[in-house]
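Undergrad: My questions all concern the structure below.
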Ligand code: SF4
C-alpha cells in the first residue's frame, strides 16, 4: 500500500469513518467538488426533507438559466468527502452539480453505502446511470434548450421539468418511465420580474390542466438558503 493511501486511511480514521471493508483505491479516488452542504431539499418529491448535498463540478450542458458555478471546484478524495458529510446527523445524500453522472460514482457510492447512506441523484439524463448505483433518481431533462441531446436515462423515480414555455408533449415518450412528474417554473435571473411572474402563473395553469404533473417550487430560494 502506498504512503499516500496509508495517509488517506489515517485521515479517514481520524474522521471517524474508517471501515475495515473499505477498498484503498475507492478511498483515494478523487472527485471535482464545488461544495458539500447540509440543507433542506427545496424541490420535487422530497421537498422539505433534510439532505446532504454533494455538488460536483463540470457539466456537459450550458443552460442559460443555470445558477451553479460548476466550472470552479476543488479535488476531494473520498476520504475528504466522508470527513465533510459525517459531521452532519443525516443519512440522506443528494449527488448534484453540475452533472454528477459525468463522474464514475461507484467508488464513492460503495463507501457511502457501506455506511448505510441513502443516495439520490439529480441529473440532466444525458448519461445513462448504471443499475444499482443510486437509490433515488431524479431526471431533469433540458431538451427544451437542447433538442438534439438525447435523454439516455429514461427511467427513474422523478421527472422534474423546468418550465419556461415549452410544450409538455416534449415529454410524452418519457413520462411512463417515472413514478413522479414535476413541473417547476424556471426562475430566470436575466429576465424581468414580470416575465418570471407570468411564467409562474403559466406553470400553475399547466398543472391544473394536467393533473398527472405536480408543482415543484425552488423553496430553498424563497427561504434564502442553499
Ligand atoms: S444541466 Fe443543470 S448544471 Fe448543467 S448547465 Fe444545465 S442547469 Fe446547469
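The values are calculated or read from the model by the stated rules, or taken from the named source; none is laboratory data. All values derive from a computational prediction rather than experimental measurement. Cβ sites come from the backbone with ideal geometry, for glycine too, and all protein chains shown count toward neighbours.
Undergrad: Would you kindly identify the strands (runs of 3 or more DSSP E) lying entirely within the range 50-97 that contain at least 2 residues that are within 16 Å of the ligand (Cβ to nearest atom) and closer than 18 Å to residue 126 by Cα?
TA: Ranges flagged: 50-56, 92-96.
Undergrad: Yes or no: the range 183-193 includes at least one residue that is modelled with pLDDT of 95 or more and under 26 Å from residue 101 (Cβ atoms).
TA: Checked against the condition, which is being modelled with pLDDT of 95 or more and under 26 Å from residue 101 (Cβ atoms), the range 183-193 yields at least one hit.
Undergrad: If we keep just the residues of the range 207-223 that are in contact (Cβ under 8 Å) with a residue 40 or more places away in the chain and in contact with a strand residue (DSSP E or B) (Cβ under 6 Å, 6 or more places away or on another chain), which is surrounded by the most Cβ atoms within 10 Å (Cβ to Cβ)?
TA: 216
Undergrad: Then there's this: If you scan the range 13-40, which residues turn out to be in a loop (DSSP other than H, G, I, E, B) and at pLDDT below 95?
TA: Once the filter is applied, which keeps residues that are in a loop (DSSP other than H, G, I, E, B) and at pLDDT below 95, the range 13-40 yields 15, 16, 17, 18, 19, 20, 21, 22, 23.
Undergrad: Sticking with this one: Taking residue 207, is it modelled with pLDDT of 90 or more and within 16 Å of the chain's Cα centre (by Cα)?
TA: Against the criterion (modelled with pLDDT of 90 or more and within 16 Å of the chain's Cα centre (by Cα)), residue 207 does not qualify.
Undergrad: If you don't mind, another one. Look at the range 106-132 and say how many of its residues are part of a loop (DSSP other than H, G, I, E, B) and more than 16 Å from the ligand (Cβ to nearest atom).
TA: Matching residues across the range 106-132 total 7.
Undergrad: Another question, then. Under 7 Å by Cβ, and 6 or more places apart or on different chains, what pairs join a residue from the range 91-103 that is free of Cβ contacts under 8 Å to residues at least 60 places away in the same chain and over 16 Å from residue 63 (Cα atoms) with one that is near the ligand (Cβ under 9 Å from one of its atoms) and assigned to a strand (DSSP E or B)?
TA: 94/122; 101/123
Undergrad: A further question on this structure: Every residue in the range 78-93 that is crowded, with 18+ Cβ neighbours inside 10 Å and over 13 Å from residue 54 (Cβ atoms), please.
TA: Scanning the range 78-93 gives a single hit, 79.
Undergrad: Working only within the range 153-179, note down all residues that are assigned to a loop (DSSP other than H, G, I, E, B) and either within 15 Å of the chain's Cα centre (by Cα) or farther than 23 Å from residue 93 by Cβ (or both).
TA: Result: 153, 154, 164, 165, 166, 167, 172, 173, 174.
Undergrad: Answer yes if at least one residue in the range 133-152 is in a loop (DSSP other than H, G, I, E, B), in contact (Cβ under 8 Å) with a residue 60 or more places away in the chain and in contact with a helix residue (DSSP H, G or I) (Cβ under 8 Å, 6 or more places away or on another chain), and no otherwise.
TA: no
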